[in-house]
Ligand code: ADP
Ligand code: XUL
């Protein structure tokens, strides 16, 4: 059996797989808000942060670990687990003093993790990916390196507010003493991996690339970025490694307390997005993943460490080796809901039949589909821009607007993923809106690629379980064939007769976008 854990923003999830039978044998979650109300973090972070700060209490993650294993030990026989791997929400960081490793080595089963490890925190809270407080630090890091493009070329992303390097720099500036007392900085992923291993373990290339510190070409910490971020930072980080590297046996705390075998081993943890790439069966070229959640994301493996010339997309390590990209489109479901509500519609106006009724208008009207600030392209939009027939622009034809919004979203995605030059044999759709066949069909038509949906709900935790199996020497692609199959009846073929229309629309969309980006 292989156990995958995912410590995400709102919950800690476990997926246990049996590689022999090809089945998921147990799935359990602890919700930070619901199960641990004492932390006052109903959505997984401490509400009311000032100046864009969004922090979480790392002790909450430790309590969640104790609680999850208590539940797992009741639900299943943990002595059968050969290997554990995991993932964490990306970018969040945990700050520890010189006692952390000795406390890990001396954990006592009669007390809990949070009580025993609390004294080793050199910073009481952890900034997480939702934090936007580091604009000044991003500018300082970019200036020290000679510009944003240089940071992107080295690390795979321009200096980004939520990324760990700028967060570390802010801590160093705001609390120099706290920074000095910090001997070890972990990501959420490597923090939890270290607790399981009973000793500090490295950050992996997947999550490490979300720090603005990792050199993509050298796969080691970049000395210029370290120096631009904070003094002596290199000494506070272990050298990064591949997610599938084995770290040794699980700590005796988990053996004695929850019944793991002393022979159970642990691999590294990675970021939730790299783990999802594995869980969606997309670690080899050809499969592209589009997640249609609150925001939309586009991710895929890349043959080499190419970077986005516009600086919008990110490059992370692929847990199976090589690299992946992640592009985030902030307006995703937020925009689909905004248009739905503005026109007084419901989701049936976005479904297959409704969209089929306006098929003749495919690619004709254009909408820049942004109701608020966007990340890709980075711009403070306030409302959509419409260009097309009179009825469309005046808003008298809601069905045309729905079509143009969705077309605009996926044309924008196609446009801004071109730099990756990835092979798209098929698109694997996930996220809340992916169950909508109308939306899924438009994705197939605009990208001119088949679309399929998988039966996977916890793709990051499943991906982590598959990483554990791969670390144990199992064949990852063979396991993905079994665990990451398209759900029956979920596949859709592109309408090939629309190829030229959407090629033409892409050019016009780009022109309209460029005109509007240069307006402000
Ligand atoms: P997240 O993981 O970001 O919380 P989910 O992947 O759970 O988001 O997706 C939630 C979103 O799915 C909702 O915001 C909603 O807009 C969208 N959604 C749910 N059902 C439909 C539907 N039938 N058609 C289009 N969008 C839908
Ligand atoms: C990725 C990002 C989020 C977090 C939380 O860059 O910030 O997706 O990983 O899920």
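The values are calculated or read from the model by the stated rules, or taken from the named source; none is laboratory data. As the structure is a prediction and not an experimental result, all values here were calculated from the model. A quick note on method: Cβ atoms are made from the backbone with ideal geometry, for glycine too, and the neighbour counts reach across all protein chains shown.
Does any residue of region 233-240 turn out to be at positive phi, away from ligand 2 (no atom under 16 Å from the Cβ) and surrounded by fewer than 17 Cβ atoms within 10 Å (Cβ to Cβ)? Working first, answer last.
So in region 233-240, the residues at positive phi come out as none.
The answer is no, given that none of the residues of region 233-240 is at positive phi, away from ligand 2 (no atom under 16 Å from the Cβ) and surrounded by fewer than 17 Cβ atoms within 10 Å (Cβ to Cβ).
So is residue 474 under 28 Å from residue 12 (Cβ atoms), in a helix (DSSP H, G or I) and not assigned by TED's automatic domain parsing to the domain that holds residue 303 or not? Criteria not met by residue 474.
Per the conditions (1) within 16 Å of ligand 1 (Cβ to nearest atom); (2) surrounded by fewer than 22 Cβ atoms within 10 Å (Cβ to Cβ), the sole criterion not satisfied by residue 97 is (1). Taking the numbered list (1) surrounded by 24 or more Cβ atoms within 10 Å (Cβ to Cβ); (2) in contact (Cβ under 8 Å) with a residue 60 or more places away in the chain in turn, residue 256 passes all entries but (1).
When you look at residue 248, is it in a strand (DSSP E or B) and surrounded by fewer than 23 Cβ atoms within 10 Å (Cβ to Cβ), yes or no?
Numbers: in a strand (DSSP E or B): yes; surrounded by fewer than 23 Cβ atoms within 10 Å (Cβ to Cβ): yes.
Yes, satisfied.
Looking at 406, 355, 368, which one is over 21 Å from the mean Cα position of the chain (by Cα), away from ligand 1 (no atom under 16 Å from the Cβ), buried (at least 21 other Cβ atoms within 10 Å of the Cβ) and modelled with pLDDT of 95 or more? Spell out the reasoning first.
Numbers: 406 fails: away from ligand 1 (no atom under 16 Å from the Cβ); 355 fails: away from ligand 1 (no atom under 16 Å from the Cβ).
So the residue among 406, 355, 368 that is over 21 Å from the mean Cα position of the chain (by Cα), away from ligand 1 (no atom under 16 Å from the Cβ), buried (at least 21 other Cβ atoms within 10 Å of the Cβ) and modelled with pLDDT of 95 or more is 368.
Of the numbered criteria (1) in contact (Cβ under 8 Å) with a residue 60 or more places away in the chain; (2) more than 22 Å from residue 473 (Cα to Cα); (3) in contact with a strand residue (DSSP E or B) (Cβ under 8 Å, 6 or more places away or on another chain), the one residue 239 fails is (1). Considering region 419-437, and only residues there that are more than 8 Å from ligand 1 (Cβ to nearest atom) and surrounded by fewer than 20 Cβ atoms within 10 Å (Cβ to Cβ), the residue that is farthest from the chain's Cα centre (by Cα) turns out to be 437.
Within region 197-220, the set of residues being out of contact with any helix residue (DSSP H, G or I) (no Cβ under 6 Å at 6 or more places or on another chain) and either in a strand (DSSP E or B) or crowded, with 23+ Cβ neighbours inside 10 Å (or both) comprises 197, 204, 205, 208, 209, 210, 220.
Taken over region 64-95, the criterion of being part of a strand (DSSP E or B) and either outside the structural domain of residue 192 (by TED's automatic domain parsing) or farther than 19 Å from residue 248 by Cβ (or both) is satisfied by 87, 88, 93, 94, 95.
Here is a yes/no grid of residues against (1) within 24 Å of the chain's Cα centre (by Cα); (2) surrounded by 15 or more Cβ atoms within 10 Å (Cβ to Cβ); (3) in contact (Cβ under 8 Å) with a residue 40 or more places away in the chain; (4) at positive phi:
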position	(1), (2), (3), (4)
455	yes, no, no, no
458	yes, yes, yes, no
495	no, yes, yes, no
501	no, yes, yes, no
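Sort out which residues of region 260-287 are within 16 Å of ligand 1 (Cβ to nearest atom), in a helix (DSSP H, G or I) and within 10 Å of residue 480 (Cβ to Cβ), and write them in order of number. If the condition is that a residue be within 16 Å of ligand 1 (Cβ to nearest atom), in a helix (DSSP H, G or I) and within 10 Å of residue 480 (Cβ to Cβ), then 279 is the only one that fits.
Please go through region 312-342 and pick out each residue that is within 15 Å of residue 412 (Cα to Cα) and within 15 Å of ligand 2 (Cβ to nearest atom).
We begin by selecting, within region 312-342, every residue within 15 Å of residue 412 (Cα to Cα); these are 312-313, 326-333, 335-336.
Residues satisfying the conditions are 312, 313, 326, 327, 328, 329, 330, 332, 333.
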